[in-house]
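The values are calculated or read from the model by the stated rules, or taken from the named source; none is laboratory data. Small disclaimer: the values here were computed from a predicted structure and weren't measured. When we count neighbours, we look across all protein chains shown, and the Cβ atoms used for this are built from the backbone with ideal geometry, even at glycine. Ligands, DNA and RNA are stripped out before the accessible areas are found, and what is left, the full protein with its side chains, is counted by its heavy atoms. Shrake-Rupley method; radii C 1.70, N 1.55, O 1.52, S 1.80 Å.
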Amino acid sequence: MIGIVIVSHSKQLALGVRELAAQMVQGQVSIAVAAGIEDPENPLGTDPIQVYEAIASVFSDDGVLVLMDLGSALLSAEMAIEFLPEAQQQKVYLCEAPLVEGAIAAVVAAAAGRDIHQVMAEARGALLAKATQLGVVSRPLSLVSHNTPTTNIESPTREIRLIVSNRLGLHARPAAQFVTTAARFQSQILVQNLTRNTELVRGDSINQVTTLAVRQGHELLITATGSDADEALAALQGLFANNFGEDNVALNSPPAFHHEVTPATHGELSGIAASAGVAIAPVVHYQPTHISITEYHVDDPELEWQRLQAAIHIARQEIQAVFSQASLQIGDAEAAIFDAQLLFLEDPVLLEAAHQRILEHHINAEAAWQAVVDEVATSYRTLEDSYLQERVDDVVDVGQRVLRLLAGNTPANLHLEEPAILVATDLTPSDTARLDPTKVLGICTTSGSATSHSAIIARTLGIPAVLGVDAQVLHLADGTLMALDGESGKAWVEPESHILDLLAAKQEAWQIAQQEARATAHQPAITRDGRQVSVFANIGSINDVQVAVANGAEGVGLLRTEFLYLDRTSAPTEEEQLEVYQAIAKVLDNRPLIIRTLDVGGDKPLPYLRVGFPEANPFLGWRGIRFCLDHLDLFKTQLRAILRASVGHKIKIMLPMIATLTEVRAAKVILGEVQTELNQAGIPFDAAMKVGIMVEVPAAVAIADQLAAEVDFFSIGTNDLSQYVMASDRTNPRVANLVDALHPAVLRMVQQTIQAAHAAGISVGLCGELAADTLATPILLGLGLDELSVNPQSIPGVKQAIARFCIVESEAIVASALQQDSAVHVRELISTSVIPPPA
């Protein structure tokens, strides 16, 4: 393949141009830089020897194209060619094209397999797109005819029309994808911007495609003439269906499609587009049980206070169970919604106010609780911050839970026998988190907003949702056919056939994209330059492991064992744990299983274990390994169960919340004691079972080199690490924006951990929410992680993301990211540097 050399007086400029050009073609083309001189005081200049070495490093019999900025760069390049053997000199071409635009055009043409003369022509014409867009020159009428290859007139011609949904239209990276894809086929590809009424231009020319000035919402006509015309158009349509990998439309949104639903049709309702996707199904009404509160006098206020405390205690256990399940189903970031609800129940001001009302007014617990909840809700509604105003939903949600328990009512039934669209006045976050996406195909409510927690959860579950529609939907009979488009925010009652056809086509395109993702999910995740990265699952039950394997998990990187200890009055026995661990390992069928030992404590208390005293800051308190080392019976029971389950399986132990060497060594001593006891009892176990730790505390990062000498692997927990590094609570809206794992401070911690692990010869994975954020995939690849562990639903998308990048490109992005000053700028860097895979 043709090599490219960039010659410039400025090394920084040349490196920037190379990085930009490399991203256009995902590292497919060899690009070398010869820039600057070795003089710290006067670094600007060019060196013929550098140019010679750069040419030699990318030399190919197909040719080398040399692009230069100005002045001595040309002289240095000419002199460098004289150093080459005569046979090689004939294959090196100096090009007068503009440096930045020329480099981009050249690499795209080279990646498309064009010869050296065609690559030079593309580079020389690189300014045409910019000039046309600015209106400086008019595109000649002969542009297509002079550059269009001849084709067999008997070859079939096919055409499609597509709408561009990318936020920035066909900017450089999507355009490069389009051209590279078009060039793979023998057929002649032509494309026209119908919205701007342009001419047809060649689809395999980056300059000509760019001159179309395609923006979001523009309609394109694409024709293909040749023996593989159908295959070519299908491949191009796939780019549009996948939104060119851009992350402004999530993977769980329907792809861009050329059909548009006309407004104001019969039975149409307009609302808020809250969760993208199409649903067509009968409606089922959901009406949560309304709890009527009657205030009455009580003779024993202390007994009433105890009733309220008992209800709050059970509510806390219920929310913990919801949080645990939600973490697996929707990810830790969204599940943190319920973390905030737990804090609400522990709010001393709230509890004191309720206690005071009961004692002073001798009123029942229900009335006192309702009064204080109403006061809190009112205070939220009066805030100027619209985000905080919407947190009223969470206040009402947790308040209603406690009232339901006081009244002795069971939770409203959200179980559907048949798939349907759920119609309601509103859904609480707890309601939404309980929904089964296989039965609840869509959500239509008369209130709510796109930024509410319920909407966030719906998006994460992949359930299309339209909120804030007219209240007339509440009067529809169950079974009435409805269609909704969560992307446009429209719903149709008993839709007409043409509406159904258009929506069905949109739905089918989305389903095909999902199927393709699932089909490739069972393949290894390999970067474009051949590095394989393991993709594991974070799970918390046998059901979860089945979903994980179905989605292509190569193992379990984090088994949260807390689910075994919740919703019960005593700790699980050794036999109970053994049965669960063996069942999960059996489903994995010899895939790796990393079991994290119990991670509870002050911030996640177990009702049957008394802490003894309230902690002012449980997040910084008695939790994780600290808790287990102080509850040796509990710890040893779990270790025995894990060791016994290890026979015939690839099981590893992982210790949470490690901050000191002493903790690791103490845990290993206890593990050794348990192994000795099992040996003496003649009970088999895997004596070579590996032991690793969670790196989620800054102290562990600081001594990672010492910790690496004690264990077999690291797993970085970026959720907690981000909070500890930034000294911010993600459930506190005032500082939650600081808790971003892409902050350079956090990324440097991750880098330091990886370097320490690899220096010690041990593997390192990442099991935080960041691993599932496909915008961050190039960062994680560039940092050198060996393994990513994500919630089961994210596995296909993460594997697709890994396959889109190469390590060299990713390392360059990391180098720049670590020098940024905020997470916002890191995200901007990624967005403008790469083609982000779908989220």
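Quick look at the values:
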item: Evaluation of Val669 against (1) assigned to a helix (DSSP H, G or I); (2) closer than 19 Å to Ile594 by Cα; (3) without any contact (Cβ under 8 Å) to a residue 12 or more places away in the chain (one fails), failing number; result: (2)
item: Residue match in region 682-695 (condition: aliphatic (A, V, I, L, M), part of a helix (DSSP H, G or I) and either in contact with a Lys or Arg (Cβ under 6 Å, 6 or more places away or on another chain) or surrounded by 19 or more Cβ atoms within 10 Å (Cβ to Cβ) (or both)); result: no
item: Qualifying helices (runs of 4 or more DSSP H) (wholly inside region 1-113; at least 1 residues being open to solvent by less than 70 Å² (accessible area, probe 1.4 Å) and among the hydroxyl-bearing types (Ser, Thr, Tyr)); result: 72-83
item: Matching residues in region 549-591 - criterion: being under 16 Å from Lys652 (Cβ atoms), in a helix (DSSP H, G or I) and open to solvent by 70 Å² or more (accessible area, probe 1.4 Å); result: Gln582
item: Residue satisfying all of: in region 509-532; aliphatic (A, V, I, L, M) and either in contact with a Phe, Trp or Tyr (Cβ under 9 Å, 6 or more places away or on another chain) or in a loop (DSSP other than H, G, I, E, B) (or both); least open to solvent (accessible area, probe 1.4 Å) among these; result: Ala525
item: Filtered residues of region 645-675 (kept if open to solvent by 10 Å² or more (accessible area, probe 1.4 Å), within 35 Å of the chain's Cα centre (by Cα) and within 17 Å of Phe627 (Cβ to Cβ)); result: Ala659, Thr660, Glu663
item: Residues satisfying the stated conditions in region 752-790, i.e. of a type in the set (D, E, K, R) and either open to solvent by less than 10 Å² (accessible area, probe 1.4 Å) or part of a loop (DSSP other than H, G, I, E, B) (or both); result: Asp773, Asp786
item: Only listed residue being more than 35 Å from the chain's Cα centre (by Cα), under 27 Å from Glu809 (Cβ atoms) and modelled with pLDDT of 90 or more, chosen from Ala34, Ala73, Ala97; result: Ala34
item: Matching entry among Leu170, Leu128 (being surrounded by 15 or more Cβ atoms within 10 Å (Cβ to Cβ), assigned to a helix (DSSP H, G or I), modelled with pLDDT under 85 and in contact with a Leu (Cβ under 9 Å, 6 or more places away or on another chain)); result: Leu128
item: Cβ-Cβ under 7 Å pairs, at least 6 apart or on other chains, region 426-439 side more than 18 Å from Ile319 (Cα to Cα), far side among the β-branched types (Val, Ile, Thr) and in a loop (DSSP other than H, G, I, E, B); result: Pro437/Ile463
item: Residue match in region 796-818 (condition: open to solvent by 10 Å² or more (accessible area, probe 1.4 Å), at pLDDT 95 or above and in a loop (DSSP other than H, G, I, E, B)); result: yes
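Residue by residue, here is whether (1) closer than 11 Å to Val423 by Cα; (2) open to solvent by 10 Å² or more (accessible area, probe 1.4 Å); (3) among the acidic types (Asp, Glu) holds:
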| residue | (1), (2), (3) |
| --- | --- |
| Thr446 | yes, yes, no |
| Ser454 | no, yes, no |
| Ala458 | no, no, no |
| Ala465 | yes, no, no |
| Asp470 | no, yes, yes |
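Residues checked against (1) among the hydroxyl-bearing types (Ser, Thr, Tyr); (2) in contact with a Gly (Cβ under 7 Å, 6 or more places away or on another chain); (3) within 30 Å of Ile779 (Cβ to Cβ):
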residue: Ala458; (1), (2), (3): no, no, yes
residue: Leu474; (1), (2), (3): no, no, no
residue: Asp485; (1), (2), (3): no, no, no
residue: Gly489; (1), (2), (3): no, yes, no
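Here's the yes/no breakdown for (1) touching a Gly at 6+ places or on another chain (Cβ under 8 Å); (2) in contact (Cβ under 8 Å) with a residue 60 or more places away in the chain; (3) of a type in the set (A, V, I, L, M):
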{"residue": "Ala14", "(1), (2), (3)": "yes, no, yes"}
{"residue": "Ala21", "(1), (2), (3)": "no, yes, yes"}
{"residue": "Gln26", "(1), (2), (3)": "no, yes, no"}
{"residue": "Ala34", "(1), (2), (3)": "no, no, yes"}
{"residue": "Glu38", "(1), (2), (3)": "no, no, no"}
{"residue": "Pro43", "(1), (2), (3)": "yes, no, no"}
{"residue": "Glu53", "(1), (2), (3)": "no, no, no"}
{"residue": "Ala56", "(1), (2), (3)": "no, no, yes"}
{"residue": "Gly63", "(1), (2), (3)": "yes, yes, no"}
